[in-house]
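Structure, as structure tokens:
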Amino acid sequence: MGFPAGEPEQGGKLALDVLIAEDEPSILESLDFILRRAGWSISAVTDGDAVLEAVRRLRPRLLVLDVMLPKRSGFEVLKQIRADSLTADLPVLILTAKGQQLDRRTAEELGASSFVTKPYANADVVGAVRRLLGEGVAG
């Protein structure tokens, strides 16, 4: 249903650390690489409709959500996640484009947990994920 070919951890009920919702292949590849290298299990979707289904099915510990997604915007996805009692407490890291203060304000009002602005530094993404997963950051 719109998912890339799965890896073993996606098939069963094993805990998924991070679900990435990003439609730009180069950004998705970069996020996947840096978060896997940091030790987390990752799954990815590339459109807004797929995010909601994947969140319910995979139960990730964290969602990395791009604002600009096909089919359903990151804002619509965030609004639905916060309105559903099963997903309302899911930490959501929003990816916003540089200079899009209105996007950030809108996402804050809808209940975003944290933000990273594209283009991002790898350490910023890893640090934000660590904080949201309650794993602390050394230093």
Query raised in the report: Could you list, in sequence order, the residues of segment 24-56 that are surrounded by fewer than 17 Cβ atoms within 10 Å (Cβ to Cβ) and more than 24 Å from Arg131 (Cα to Cα)?
Result: Glu24, Pro25, Ser26, Asp47, Asp49, Glu53
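May I ask you to say which residue of Asp103, Asp66 is more than 21 Å from Leu35 (Cβ to Cβ) and in contact with a strand residue (DSSP E or B) (Cβ under 6 Å, 6 or more places away or on another chain)?
Asp103
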**Report entry** Matching residues, segment 92-139, being among the hydroxyl-bearing types (Ser, Thr, Tyr), assigned to a strand (DSSP E or B) and under 16 Å from Ile27 (Cβ atoms)
**Finding:** Thr96, Thr117
Requested in this report: Could you tell me which numbered condition Asp89 fails, if it satisfies all but one of (1) within 19 Å of Asp32 (Cα to Cα); (2) modelled with pLDDT of 95 or more; (3) of a type in the set (Asp, Glu)?
Outcome: (1)
Query raised in the report: How many of the residues making up segment 61-71 are crowded, with 17+ Cβ neighbours inside 10 Å, in a loop (DSSP other than H, G, I, E, B) and in contact with a Gly (Cβ under 6 Å, 6 or more places away or on another chain)?
Result: 2
Query raised in the report: How many residues does segment 69-98 contain that are among the hydrophobic types (A, V, I, L, M, F, W, C) and under 12 Å from Ser113 (Cβ atoms)?
Result: 7
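The values are calculated or read from the model by the stated rules, or taken from the named source; none is laboratory data. Only a predicted model underlies this, so the values are computations on that prediction, with no experimental measurement involved. FYI the Cβ positions are ideal-geometry reconstructions off the backbone, even for glycines, and counts take in every protein chain you see.
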